[in-house]
Structure formats: structure tokens, C-alpha cells
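Take a look at the structure below.
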Amino acid sequence: MDTNEKYALADDVIEHALKSGAEQVSVSVYDNRSTEIEIRDQKIDSLKESNQASLSISIYVDKKFSSHSTNRMNREELHSFVEEAIESTRFLAADEYRSLPDPELYYKEGGPSLNVFDGSIDSLDAATKIGLARKVMEEAYGKDERILSVSSYYYDSIYGDIMVTSNGFRGSSSKTAIQLVAEVSVKSNTGRPNAYWYETQVFFDKLKKEGIGSKALERALRKSDPIKINSGLYEVIVENRVAVNLLSPVYDSLTGSSLYQKQSFLTGMQGKPVASEILTVFDDPHIPSAPGSRLFDNEGLKSVKRPIIEKGVLKDYYIDTYYGKKLGMKPTSGSSSNLVFETGSRKPEEMIASMKKGVLITGFIGGNCNGSTGDFSYGIEGFYIENGNIVHPVNEMNISGNMTSFWFNLKEMGSDIREDDSIRIPSMRFEGVQLSGI
Amino acid sequence: MQLKRRDFIKISGITAAGSLIIPPFLNSCKTVRLSADAESYLNHFEVTTGTLQKVISAAMEKGADYADLFFEHSLNHSCALEDNQVNSAYSNISSGVGIRVLKGDQTGYAYSEDLSEEAMLKAARTASNIADSPGKVSVADVTEYTRPNYYAINGSWENTSIKDKIPFMKRMNDNIFAADNRVTRVNVYLNDKTSYILFYNSDGLLAWDYRPIILIAAVCIMEDKGNIENFYVTRSSRMGPNFLTNELVDELSAEVVERTSKLFDAVKPDAGEMEVVMGAGQSGILLHEAMGHAFEADFNRKNLSVFCDKMGQKIAEDFVTIVDDGTIPGNRGSLNFDDEGSPTEKTTLVSNGKLTSYLHDRISSAFYKVPSTGNGRRQSFRHIPMPRMRSTYMENGPHKKDEIIASVKKGIYVDYFSNGEVNIGQGDFTFFVKFGYLIENGKLTRPIKDINVIGNGPQALADIVMVADDKIIDNGGGMCGKNGQSVPVSMGMPTVKIRKLTVG
């Protein structure tokens, strides 16, 4: 479906919904095409082509709300789908806080060019895609006698959507993504450690196509034969690639639904310090060619750059229209775009070199955080460091603490953000962190 | 394609109501007359056996060894209670066909949401490209799978109005608020899904299924002297609308209130290695994470699993027997056949301490030259099947629960969990404890909460030193994720003691 066909479908569904008794309606239509290729050792393991489309509708009738989606786009069928949806909505309880957003807050026009679509991905042929994945595999395959298995993956996607609301919003967006991944598994005395590496991009030309397989191999080999160390308080460096694991409970606690449902340890903290003053994070929706860039969010609210945490002080939450009304707060957007962290001056290698005794965390496994209290505990893997040198890998250990105090132990931000990710977080160094092992 | 869903459900309803659980067998008559149910499934997706054969032929035209078609039409409804009212509802309809082509252990896959013959043929030809040596395709005769019925239902979720669900959700809410004046927030969720499945493969096997699944969940928030605690409970089944009863709602409400209220007294145990007693039921998460995933045959075939050189070996004490079962009536993990047309079964993975079987799908069973164990599952028609767990549990052992707790000087007892994870190659696994107790000098003392427990799979299995005789199969709403696909599972366990895990 092209954009005009999607708009025509949405307009028809809205018209039918309003005619059938709905007071307000929001409709979005998306489609996505993608290719996934896996090569294992020297053979193609799987080739997959996907092509999907779906229509979603949110209905407001008698102050009652429901939302529905279907991938069956036949108009006649969509009409009866909408009628049934309206009928079933009437059985719900009224909720005075349900309505479409204030049209004043909608994105209208004149936003910057985001440049997040690469039309050339559509014309890549299967042989090119397979060739890319094969090269990634070959960087590792046969390069070390301890190798048990090398897999590489190619993934691309071409996405387009439109949204129309009955109170005046119309908008469309389109996005491409392309990714290469390597995963290597090696033999060791105590197990079969494995590691992966990936590169991702909006544009085919800008995608880093080399160094993926070799990096995965190097990372798998260095994990061989880990040793568990004593429980205690440690200085730790959390690698940029996995630091998002510590961020996600913070993000969860910033949403309107968590605040309202009392599952947020950040309730009432706006304007107050929640982290060490070296932590500054912006939500920036307008970075050209960044994967999280957008002009409007999934409600149609205009996206603006805003600070979330500035010098350790909590500046803003993620509030959608519904929970904004329930909490008496101004809607900002219920979801993040690109999260950009202010960086420090040193690379993680330099931080390691000056570390007397500590742990470099390179992976998380399981664990969770209690949103209401902030208590967390996560499994970790990484490396034990002494006098600036990596001594041995560690595993089977947990990191634990409470999110309300943990972020004050943040002592240094690295300089190493991954610019191709929507979360631009560098490696971070903390002091006095509880690790449990022996 | 127009739906004839209401006509259809009558036929299916009659069959389901009168069904008994019978073992599956293949009807191998040459000139087969399809059952009325099979005909109705063909009609439902507006296809004929001729179309199916044509699409399979297109999928095989580049010289494949095998191809299959997985038609799915799923209807999903959920509703939510917040602030004492059921005030939001969601629904989703999803339909299409997944076309898979195998050449040795290589897979070509494409799907179509458009079920016209033209669109299906196009997808079949895309998937066919995994093979590259065009040969003659012979069309197999159609044989119909005679399915057992592990989820006999009384009526359907798709025709159950939201107004019949609301009273149960409100009862749950009212129960919880009435039980403790510290309750400040309650959320109740109800989610049901009905899937029509039609399967056909290049061997001529035709199978159909009607798969219901239901989940109810309640979240309870209490506040006491400025402290906030939360807890949740879930219950799930492949039953029909008779799943929802006042008794179930009352039981779950009491459980969530009791647990939430105890959290105010909970402490954190000292960090480090200690003895861990896992209570009967949800503790099956240990089996799921510590060994279940590592027993999935794709990880072993690809040399990735820590268990790949351990088949036939002694890996646990004599009293440890672990199974993965797809045949428990009404269970969330049960299936009348797996997502590639193989019968499900009760598969013994560890028999008296010895590793006896992996979990197989079609590709791995051909690789290991054993029959499929019926573990080939997929999230939907958009996904490639692979070996997945169903209901994974440990059989009873020789010890008693009291004797196990009494044997621990300093350790923890755990029985409620929120999530877990495993690293297949190194064998490290975790599970996150939402609730448990300290054990001090053989007695349960203070409650504990929110701690991650981490161990190593083969070591933990060898360290199971006591197994009680009180097995419970938990009916919580477990969702298992692997390679980006989620499938519903369940788990179970008697009370067991593990010599040493890291708690922190």
C-alpha cells in the first residue's frame, strides 16, 4: 500500500465509525517488508521474507474507550469490525479521562527533515544480502581451532505508516533499518561461551559491514573459563552496549502509567536530584538519520527536544494524554525517541587502565527491578580488573541495590556512545556497587 | 475472503463438547473422505485440498525435500480494570498462512496475509528459493490427522461478550479492596485468544485445530506508613468460558492480598552462595531455565548447548526425573499437535538422573534420526517453528517437604518468581524471586523479596540433593521467549533442595 491508499482506507474507516456512533476516532495503518537471512558456518540456515500490514483503531464513545487492530483489510469486513468494536465498547464503564489529544498539541507541519528512509534498500537483491551475511560469517569461520559455531544474520526492514484522527491530525512516516549480526560459540574447559556483535543503520551505504564477525570471535574467546569472585562492594564499569539494562527500570518509572499505578520509584521527584550530577540525558527526536527520530509520537503529539535528567536533577516524565489527565500533568509524550547522554572524556579502555580493583560488566542475564521501591538485582558477566589489567572473566554473579541511591554512585561517563543506536549511552563507571558471588 | 465464523463454530462446538481424550493416530486410507470438521476448516480459510496441493507444489518446485503450510486465524480480546471499573478493552484479528520449505536442515520461509491462490503461490515461490536443484514434484495423497482433544471446551471465547467477563473482574477488585485497608490500587486484566489452525504438508498430512487460551491477572498495591509494595498473580488455561468462576476469582484475590501484605516485613538475605529450597509449583522455572532451554535440540544440533555431549549420561541424582508434557488436559502448554503437524506427547528428558531425550522438532529429529517429540512450535504464521518447551516439570521424589526445610541451617525458601533467563553455552541461568522466606536452623523465618538467584545449569542439576513428593503443576501465565518468538508454557515441580546457588 502506498501512503495515499493508506490515507484513503483510514478516511473510510473513520467516516464509517463516526456514522456508526463513535464520537472520536483515531486510525493508523502500517505496513512493513523485511528480509531475514541466517548463515551458519558456511551454509544458509534460513531465508525469510515478511510482508505485513495492519490497521488499528481507537474508539471513544459515551466517554468509553477501546482499541482494536486487524490485518484483514477488506473494506466490507473492516466496516463490520468497526461496528462490533463500537457495540462492545458500550459495555465498558465510562471514564471521563478518555479522549483524543488536545488538537493544539498535534504536530502540524514544518518540522525538520529527519532523513530516516533509504529507498535503495528496496532494490537490494537476495544475492547481495546473502553476500553481506556471508562476509560477516567468514571473518570468524575457521579463524581459531576453538570455534564450535559461527552464525551471521542479515536483517532489513522498510516501514511506512499513517495516522488520522477525527479531531484533525493527519501524518505519515516511513523508516528503513538494516542490520548485520555475528554470533560465535567456542570451546573452553568449563563450557561453550558465546558472544555476538552487531551493526545497525538507517542507510545501507553507512552501515559498517566489516569487523563484526572478528569482534564476536574475539569477545567469545576472551570469555573462556570464567571465575566467580567474592561478594562485596566493587568499582564497576558498565559497557555502553549493555548499559541500557540499568536504564530501563528508570525509563519504566518515568511513564505516566507507572506513576499513576504507584509502580514508580520516581514519583514526586521532578526538580529533585535522582542521580550524580554528571548525568544529563536529553530526549531528542530531531537528530538527522537517527533510528528514533520522529516528528510526532503515536498519539500525534508534536515531538520536541527536552531534558529528562539534567546534571542529576529529574526534569521531565513520559506522560501521554490519558495519564496526563488522570495525574493532572501536561502530556509530553508517552514514549521516548532518541535518548542522548552527555559524554565524558575517557574511553572505557582508559578507565580500565586506571582502575585499581573492580569489574567490567559486559553482559546482563535475567534479574528485575521492583518499580514501586526501586530494589533491583540482575545477573552479570564480565571481567575482573586489578591494577589496570583484565585478570580473568567472571560470571554467575549478581549486581544489586536500590535505584534511588544507585545512580548517585555514578562517577564517570565514557566518551564512547554508539551513534547508530537510538539510545546513545556511553560506558559508565560506578563506585561502591554491591556484587554477589561466593 | 469472507468469514463464516459463526456458522463454523457450531460444527466445531458440537465436536468439542462430545470429545474424549484419545491417542492420536494417522488415518492412512488412500481415498480419504475428509471429516466434516476438516471440510469446515478448509471452508473457513476458503481453500480446497486442490489449492493446498498446488501451493505445496510451487513451494517444492526448486527441488526441496519438504514443505508445509500453516494457516492461522486468531482472535484476541483483552480488557482491563483500573480505578474499580473495567474501562478499557483491546482486540486484535490476525490471519494468514506461513509457507515453509526445507532442504536438508536449511529453511526457506515466507508468509502471506492475503489468502488468495495467487498471493499464496507467490509466497510459496519465494520460500522455494532455499533449494536450487529443480526436480519433479509428486503430489501426495491427503491423509487426515485424527486429533486428540486436550482442551475440550464449553462454548467459545470469541462469542463471549465482554459484559459476561466484567462481573468476575469487578469481583476480583472488590475482594482485594475489602480484604485489607492498606490496598490503594488494583488492576485486573483478562486476555483470551482463539486460534483456528489448518496445517498441510508435502507428505499429504492435513490437520486442523481450534486453540483457546485464557489468562487472568491481578495486580495489588498496598501502602503502609509511607512504604509501597506490589504483587501480582496470574492464572491461565486452554479452557473455555467455564474457566471463569467465583471460586477462582476468590482464590486468586486471597493469594495476592496475602502475599502483598507480607512484603512489608520482607528483608534481603545476605548476598552469596547458599542452600536454596524451591517450593512446589512455580519453582519449575528452575527446570525451564537451568536445563529446559539447553535441552532444545536446535541448540545441541548447532553445538551451542552446554548439554550437547551429555546424551545418555548421568547428570543428576537417581530420584530426579524431568519431563516436558504437551498432553495435560486444559494446560496452557498443551497442544493437540505441534505447529508442524507432529503429535505432542509426554517426553521424558531426564529419567532417574540420566539424560534421555532432547526436545525435537522436524529438523532436529531428522538430524538425530529419532521421532519428533512434538516440540516444534511458533509464535504465529509469521514465524519459523523451532524446538520449544510445553509444560516442563519434575516428577515426585522420595523426600518430604518438612524434612527438606528442616535439613537447612542457613538458606532461603522461594516459591514466587517473575522472570528468568539462561545463557545456553556457558549454562548460567537466573530466576528472579518475588517472594520467599529465610530458612534459619531448619525453620522458615522472615519473608524475602526481589532477589535474583544465579547458578550454572549442569551444576545445579547435579546439586539437586532432595526431591519431595508434593508435585504441583503451576497454572500461571508463563510466556517463554526465544529468538524473538514468544509461546505460552507452563511448569511444575515438587519441593526440592539445591546444595548451592548464588543469591544476591
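Just so it is clear, none of the values below were taken in a lab; they were calculated from the coordinates. These numbers come from a predicted model, not from an experiment. So basically every Cβ, Gly included, is an ideal-geometry build from the backbone, and we count neighbours across all protein chains shown.
The table for this structure:
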item	result
√(5λ) per eigenvalue of the Cα gyration tensor, the stretch B:272-503, largest first, Å	29, 17, 16
Neighbour-count order for B:K122, B:K497, fewest beta carbons within 10 angstrom listed first	B:K122, B:K497
Cα-centre dipole for chain B with unit charges at Cβ (Lys and Arg positive, Asp and Glu negative), debye to 20	300 debye
Cβ neighbours within 10 Å from other chains - mean over A:392-404	4
Mean projected area (nm²) of the alpha-carbon convex hull when the stretch B:300-409 is viewed from all directions	9.1 nm²
Cα pair distances in the stretch B:215-278, grouped into 10 Å bins until the bin that holds the longest one, percent each	17, 35, 29, 16, 3
Gyration tensor (Cα) of the stretch A:3-221, equivalent ellipsoid semi-axes in angstrom	46, 19, 16
Debye, to nearest 20: dipole size of the stretch B:123-207, +1 on Lys, Arg Cβ, -1 on Asp, Glu Cβ	460 debye
Dimensionless Rg/Rh of the stretch B:154-211 - Kirkwood Rh, Rg from C-alpha atoms	1.30
Percentage, to the nearest whole number, of Cα pairs in the stretch B:355-410 over 14 Å apart	68 percent
Choice from A:A126, A:A220, A:A182 with maximal GNM fluctuation in chain A (Cα, 10 Å cutoff)	A:A126
Dipole axis of the stretch A:226-438 (+1 Lys, Arg; -1 Asp, Glu on Cβ), positive-most option in A:P307, A:G344, A:G366	A:P307
For chain A: relative contact order, % (alpha-carbon pairs under 8 angstrom, 6 or more apart)	15 percent
For the stretch A:148-214, radius of gyration divided by Kirkwood radius, i.e. Rg to Rh on alpha-carbons	1.28
MRE, 222 nm, helices only [DSSP H, n ≥ 4, -39500 (n - 2.57), over the protein assembly as shown, to nearest 500]	-6000 deg cm²/dmol
Taking N as its residue count, the alpha carbon Rg of the stretch A:399-438 over 2.2 N^0.38 Å	1.41
Cα extents of the protein assembly as shown along the three principal axes, largest first (Å)	75, 69, 62
Selection from B:I176, B:F199, B:N149 lying farthest towards where the dipole of the stretch B:144-235 points positive, charges on Cβ	B:I176
For the stretch A:199-351, the fraction of alpha-carbon pairs in successive 10 Å shells from zero, as %	9, 28, 32, 21, 10, 1
Directionally averaged projected area (convex hull, Cα atoms, chain A), nm²	22.8 nm²
Local net charge near A:G379, Cβ-Cβ under 12 Å (Lys/Arg +1, Asp/Glu -1)	-4
Shape box of the stretch A:213-287 [Cα atoms, principal axes, largest first, Å]	46, 39, 27
Highest-first arrangement of A:430-436, A:244-250, B:214-220, where packing means the average Cβ count within 10 Å	B:214-220, A:430-436, A:244-250
Relative contact order %, the stretch A:226-438, counting alpha carbon pairs below 8 Å whose residues are six or more apart	31 percent
Percentage relative contact order, chain B, counting C-alpha pairs under 8 Å, at least six apart	15 percent
Chain A: most fluctuating residue of A:R146, A:R134, A:R418 per GNM, C-alpha cutoff 10 Å	A:R146
Cα coordinate range in chain B, projected on the principal axes (Å, largest first)	73, 55, 36
Globularity ratio of the stretch A:226-438, using Cα Rg and 2.2 N^0.38 Å	1.05
Whole-Hz ³J(HN,Hα) from phi, Karplus 6.51 cos²θ - 1.76 cosθ + 1.60, for the stretch B:487-501, glycine and proline x	9, x, 9, 9, 7, x, 5, x, 5, 9, 10, 10, 4, 7, 9
Peptide-level mean, for A:260-266, of C-beta atoms on other protein chains within 10 Å	4
Translational diffusion coefficient (Stokes-Einstein; Kirkwood radius from C-alpha pairs) of the stretch B:89-149 at 25 °C, 0.890 mPa s, in µm²/s	173 µm²/s
